[in-house]
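Structure record follows, encoded as C-alpha cells.
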Amino acid sequence: MLSVLLLLLSFHPPAKAQQLMITSFSAANSTWFPSNNSILVSPKRTFAAGFINSSSDSYFFAVWVQKSSDKTVVWSLNRTRPVSNSSGLAISPSGVLSLNDSSGSNLWTNATGGSQLVLQESGALRFGDWSSFDSPTDTVLTNQPLRQQKITLSSGDYQFANATSLVFNGSDIYWGSTDAIRNLSSDGKLLMDNAQSDIVADVGLSVLRRLTLDNDGNLRVYSLRRSGQWDVVWQAIQELCNIHGACGVNAICEPLGSKNKTCSCPPGYEKVSKNWDCQRKIRSLAQSKFLRLDYVSFRDQPGTGDLQSTPLNFETCKSTCLGNATCVAFSYKYTGKQDCVILHNQLIDGYWSPATELATFLRVSSSETDNSTFTAMITMIETVCPVRVSLPVPPKASKTTARNVAIIATLFTLELLAAILSFWAFLRKYSKYRDMARTFGLELMPAGGPKRFSYAELKAATNDFSNVIGSGGYGVVYKGQLPDRRVIAVKRLRNVGGGEAEFWAEVTIIARMHHLNLVRMWGFCAEKEQRMLVYEYIPNGSLDKFLFPNEEVLVDDTTDDSKKRLITPRPLLDWNIRYRIALGVARAIAYLHEECLEWVLHCDIKPENILLEDDFCPKVSDFGLSKLTNKKDKVTMSRIRGTRGYLAPEWVIHREPITAKADVYSFGMVLLEIVTGVRNSGFRRSSLQSEDWYFPKWAFEKVYMEQKVEDILDSRIADSYDDRMHFELVERMVKTAIWCLQDRAEMRPSMGKVAKMLEGTVEITEPVKPTIFCVLEE
C-alpha cells in the first residue's frame, strides 16, 4: 500500500489530501467507505478506481485515467444513482461484491464468485468472472470488445447502439454504419466486422486512446499526450449541426468549423431553456404573416414535416400553410421542381447552410416587429430610372403636311440620338455596374458567412501592413490581430484587374467549404481597388519551410536581392508526422473533388500552399486558382495555371483536356518531396541526359529496380528510419506517389482512391514507370 492524491472536483477525482493507494480489495479488508480516502490503482498506475464526490454527501464509484490532467472518467457504476457517505463497498465471505443504495438494493449486480476486486492495466475492473468491459457507460478503451456483446454506450439523451448507430432519444437514428465497430486497436484503427477499418490521425503511435460518446452526441477517438491533455484524432460526424438535438425545439444551428457550433432562436421567437428551446413570442396566429429565412431547413419527421405529394407553386404552398391551423412554417425549394414542405406544430433540428437549395417561411403574428436576420441575395436590383417624354401639342388642322413631316422627323432623330448616347454611356459604365453588382452580392451574403471588413479595419489590424509572413504570384500575406484578439492572415492581392476573377472565386468557393484540412476564411475586403482575403492564422507556416529549410525566399514582393534572407531553421518532421500530413492533404483534395456540391479544382497544389498548425495538422490553402465547374464536364483553360515543377503533362500538351487528375499529379509530386526532402525542380544528377534529371523516374528506379529505398529518404532523418516500423508506411507513400505521377491522366487514380491507398484500405499494385513528358529549359 502506497500514498498518493485525493478526489474532490465534481465528476473528476481531484487532489486535496493524502490518499491511500491499494492494488486490490478483498473480503479480508474492512468495508470501503467514501471517507476512507482510498483508491484502487492498476499495476503501472495508468488507471485508478474509487469513490468520486459528485455533490454534497453524494458519491459514485468509477474508473478514471490517473495519468490524464483532468482524471477523465472512463467507467462508472452508479453515476445516476449516487450513494451517501454511509454506504460502503464490501465483499462477503460467500464471494458477493456489494454496494447498497439508500433503499438497500445492491447496485453491483452479477458480481459474484470472486475473492478480490482488481484494476488491470487495460483499464478493466475485474471481480471473478465479472468485468467492467462487459458493461461500459459512455467510453470504450483500447482492445475492449464491442460487437460480440452488442454493447450500447449512453450519454444523456444519446446512445451508440449495438456498435453501429448513433441514436437520439431512444429511436431517432442520425448516423449509422452497415458494419459494426468491433474494437479500437492499440495502433489506432477502428476495426469493423467486414475486416475494414477506419484510421485515426495518429495511427501507429503507442499512446493511450479511448472511444467516447460525448454529451453533444458525437462519437470521438481521443489520444493522450505526454502533457496529460487529450487530442481528438477521429470523429464520426464532422459537421456538428448534423447531430439531432444539437439545438433545442424551434432553434437554428449554425456551424463554426468542425469543432464548434452556435444556436439561435429565429425571428419572432425567444429562448425559454438553457438547452436552447425557443417559443413564439406572440402565440396567436389568427392574423399572421411570413418571415423568410434563407438557407435554413428543418428536419421532416412524423407530425412536424409534410412533403406535398403533388408539386405546388409558391403561392399555393403559402395558401396551404395559411389554411392549416397547425402549420407553423413552410419550406420551398428553388430547384424548379416546386417542392413544398408544410411544417406542423414545432420546428425540429433547424440548420443554416449555404449548401441547401431552399428557404423556410416562418409563420408569425401580423403584429410581430422582428425582422429576419437570415437573408441572402436581394431578389431584384432596379437600375433603370423612368424618363418622362413630353410630346408637342398636335398642330392645328390648318398646318401643312410638310410641318407634320418635319416634326415627326425631328422627334425620330432626337430619339435615335438619345438611344445612341444612352448605349455609349452604358458601355462606359458597364465595368462600374458589374463591380456594384458583385459588391451587392457579397455584402448580402447570409448571416454566419464571411464578414466584410473595411480597408481601415484591416490596416489597423495589421499595423499598417507591416508584418509580412509570405508572398507569391498573386499577392503578399500579412499577419494581424482583430479587436476580439483573433490572430489573422490577410492576403492582399496585387494587380486587381488581372486577379479579379480569382478574388471572387476564392470568396464564393471557400465560404462554402468546411473541412478539417482546409484553411478557414473569416472575411474579405472589397473597397475601391483594394481586394483582400482574411484567413485564420496558421502558426507553423507552410510545409516548404520544413521540407526545404535552406532555400532563400523574398521577405516582400520586390525582386531586390538585398531583401533576401535564409529561413529560420525549423524542427525536423519525423516519418509519422509526414505520413499524417500527406493523408490530411489527400483527404482535403478528395473533399474538393468528390464531396462538394460543385466540382472544385485547386490547380496549384505545392508545399507553399499546405499550412501546418501547432500539432502539424495540415491545412490546404490558396484557392485563387480554383476552377469551378460541373462535375461531369472537363475543363479547357486558355492559359496555364499553377507552378512549374508541379504541372501535369496535360497543361503543357494543349491537346489534352484539364480534369481533376491534374491535381492528382501535383499531389504526387508533393508526396515524393515529403519522402525525399528534396525540391523536384532543384533535383539534378551528374548525367548529361536530361531524362536522368526527371525526379519521378529517378525515384522509381531506386525503389523498384535497384531495391534501395533508403537512397530516396530524406537524409536528415534517414537515421531514424526503421524497417519494421516505417517500411510499410514509406512504401505506401512512394507507391501512391508513382501512381499519381503517371503521364497519362486516365492511368492516375482519383483523389478519393489516393486517400484510401495512403490509409492502407485498398491494395496498391506495382506502379508503371513514369516517363518524362517535357524538358523545361532554364
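Where a number appears in this text, it was derived from the coordinates with a stated rule and is not lab data. What you are looking at is a predicted structure, and each value in this text was computed from that prediction instead of being measured. So basically every Cβ, Gly included, is an ideal-geometry build from the backbone, and we count neighbours across all protein chains shown.
In percent, what relative contact order does the range 2-134 have, based on Cα pairs under 8 Å that are 6 or more apart in sequence?
Values: 321 pairs, mean separation 27.9, N = 133.
For the range 2-134, the relative contact order is 21 percent.
Per-residue HN-Hα couplings for the range 663-674, Karplus 6.51 cos²θ - 1.76 cosθ + 1.60 at θ = phi - 60°, whole Hz, x for Gly and Pro?
Coupling constants for the range 663-674: 5, 4, 4, 4, 4, x, 5, 5, 4, 5, 5, 4 Hz.
Could you give the C-alpha radius of gyration of the range 58-192 expressed as a fraction of 2.2 N^0.38 Å, taking N as the number of residues it contains? Don't skip to the answer; put the middle values down first.
Values: Rg = 16.3 Å, N = 135, 2.2 N^0.38 = 14.2 Å.
Rounded to two decimals, the normalised Rg is 1.15.
Using θ = phi - 60° and the Karplus form 6.51 cos²θ - 1.76 cosθ + 1.60, what ³J(HN,Hα) does each residue of the range 277-292 get, whole Hz, x for Gly and Pro?
3J(HN,Hα) across the range 277-292, in whole Hz: 6, 10, 9, 5, 5, 10, 5, 6, 10, 4, 10, 10, 9, 10, 10, 7.
What net charge is computed for the residues neighbouring residue 313, neighbours being all others with C-beta under 14 Å from the C-beta of residue 313, Lys and Arg scored +1, Asp and Glu -1?
Numbers: positive: 318, 333, 337; negative: 315, 339.
Counting the neighbours of residue 313, the net charge comes to +1.
Taking amide hydrogens as modeled 1.01 Å from N in the peptide plane, which residues meet the under 5 Å criterion relative to residue 518, leaving out close sequence neighbours?
Under 5 Å from the amide H of residue 518 lie the amide H atoms of 620, each far enough along the sequence or on another chain.
Suppose each label sits 7 Å from its Cα in the direction of the beta carbon; what would the residue 338-residue 414 distance come out to in nanometres?
Spacing of the two 7 Å Cα→Cβ label points: 4.8 nm.
Please arrange 340, 740 by how many other C-beta atoms lie within 10 Å of their C-beta, fewest to most. If you can, show how the numbers build up before the last one.
Working: 340 23, 740 29.
Fewest to most other Cβ atoms nearby, the residues stand as 340, 740.
Amide H to amide H under 5 Å from residue 116: which residues, 5+ apart in sequence or cross-chain, H placed 1.01 Å off N in plane?
128
Within the set of other residues whose C-beta is less than 11 Å from the C-beta of residue 228, count the net charge using Lys and Arg as +1 and Asp and Glu as -1.
Working: positive: 67, 71, 225, 226; negative: 70.
After counting each charged neighbour, the total is +3.
Counting other beta carbons within 10 Å of each Cβ, put 596, 603 in order, fewest first. Please report the intermediate quantities before stating the final value.
Working: 596 16, 603 25.
With the sparsest Cβ surroundings first, the list reads 596, 603.
What residues qualify as long-range amide H neighbours of residue 245, i.e. H under 5 Å apart, gap of 5 or more or another chain, H built at 1.01 Å from N?
Under 5 Å from the amide H of residue 245: 349.
Which semi-axes, in whole Å and largest first, does the equivalent ellipsoid of the range 222-302 have when worked out from the alpha carbon gyration tensor as the square roots of 5 times its eigenvalues? Can you show the working numbers first?
Numbers: eigenvalues 244, 37, 22 Å².
For the range 222-302, the ellipsoid semi-axes come out as 35, 14, 10 Å.
Which ³J(HN,Hα) values, rounded to whole Hz and listed in residue order, are derived for the range 749-760 from phi using the Karplus coefficients 6.51, -1.76 and 1.60 in 6.51 cos²θ - 1.76 cosθ + 1.60 with θ = phi - 60°, glycine and proline given as x?
x, 6, 5, x, 6, 4, 4, 5, 5, 5, 5, x
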